[in-house]
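Step one of this worksheet: look at the structure below.
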Amino acid sequence: MKPRHPLRRFLLWWLLLGLFLLALSLDLSVGSVSIPLKEILAILFGGDAEKETWQAIVLTFRLPKALTAIVAGAALSVAGLQMQTLFGNPLAGPFVLGISSGASLGVALVVLVGTAGSWERMLSASGGAAVVLGLVVLTAQRVRNRETLLLLGLMFGYAANAIVTILLHFSSSQQMQSYITWTFGSFGGVTWDRMTPFVATVGLGLLVAYLLAKPLNLLLLGETSARTLGLRMRWLQFWTITSAAVLAGAVTAFCGPIAFLGVAVPHLSRAVLKTSDTRSLLLAVTLLGATLALYADWVAQLPGRQMVLPLNAVTAALGTPVVTHAILQRHRR
């Protein structure tokens, strides 16, 4: 159901944009060094800051971190919307097909071999996610039933997690600590030299997702009705899974496993817009996902100079009420 008044819809979009800009401002201002907003704006528009160190902090560290949060939040939220629509399951998320577990397995392997740097972890996570993606895509070509594919994806994830547990059992305390730190998730690991491959990969996944908006809308009528209207289910299943896996895999490889955003944001978008139209929701989850990722990163910085909260703990705290509300609403219906 769509909002009855066009003015209300117009104001909602402006409100979402305002919340996004506020989140971006907070994320750029807060950190080990507090920088006034007017100085942030001066730096972003090419001016000189009052202190030279502020300019270096913003341009070298905070701006790439904020851009990473925007891209990652949008990617996970779009992937989550795709999975929930494809499987008709409100709890389906971007990692439901085992992509995150595959990435975790790749990182666990390289950590066990020796002390892994950030590039090694990123490449190993990409490789692990790609292997699971290949298995899922091959399975999708053979399995027609969506529920069966969902269960098989979960099995792939459980198998990968089992291997990770065994590898960690034989790891040293230092190696285990390195892996655990990676699982906390962080937007701070994507520097300017890594931004191009990260944004390009996510951009490709988002492009495919937007092209699939109309076919995914047909699924809202039910699979039988959608097939009657000419929807090629296997084609849609293949490309939707590929797009969602690329989005989730890229974020996991560059930022670590970021929980809850992909599950919570689609529900929040439906509640705000009061619509199930995939085309409208894609725009909403892109903006809301980026906004919530920025707020999560800002909250993680709040304890002060000596401590940064684990990002996954913050996203879980933000996402749990939304998912709980969605489950209760579905049960009441």
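Quick check, is W192 out of contact with any helix residue (DSSP H, G or I) (no Cβ under 6 Å at 6 or more places or on another chain) and hydrophobic (A, V, I, L, M, F, W, C)? Show your work before the answer.
On the way: out of contact with any helix residue (DSSP H, G or I) (no Cβ under 6 Å at 6 or more places or on another chain): no; hydrophobic (A, V, I, L, M, F, W, C): yes.
For W192, the condition - out of contact with any helix residue (DSSP H, G or I) (no Cβ under 6 Å at 6 or more places or on another chain) and hydrophobic (A, V, I, L, M, F, W, C) - is not met.
Mind checking which helices (runs of 4 or more DSSP H) fall wholly inside the range 220-319 and carry at least 2 residues that are modelled with pLDDT under 85 and crowded, with 24+ Cβ neighbours inside 10 Å?
233-255
I need the full set of residues from the range 174-187 which are over 15 Å from the mean Cα position of the chain (by Cα) and either over 13 Å from R121 (Cα atoms) or of a type in the set (S, T, N, Q) (or both), in order please.
Scanning the range 174-187 gives Q174, Q175, M176, Q177, S178, T181.
Kindly indicate the residue of the range 32-82 that is part of a loop (DSSP other than H, G, I, E, B) and either buried (at least 19 other Cβ atoms within 10 Å of the Cβ) or at positive phi (or both) and also modelled with the lowest pLDDT among those meeting that condition.
A49
Under 6 Å between Cβ atoms, at least 6 apart or on separate chains: pull out the pairs that start in the range 179-203 with a residue that is in the same structural domain as V246 (by TED's automatic domain parsing) and end on any residue that is surrounded by fewer than 18 Cβ atoms within 10 Å (Cβ to Cβ) and part of a helix (DSSP H, G or I).
Every condition considered, the pairs that remain are G189/S118.
The values are calculated or read from the model by the stated rules, or taken from the named source; none is laboratory data. Not measured: the values here are computed from a predicted model. Please note: Cβ atoms are built from the backbone with ideal geometry, for glycine as well, and neighbour counts cover all protein chains shown.
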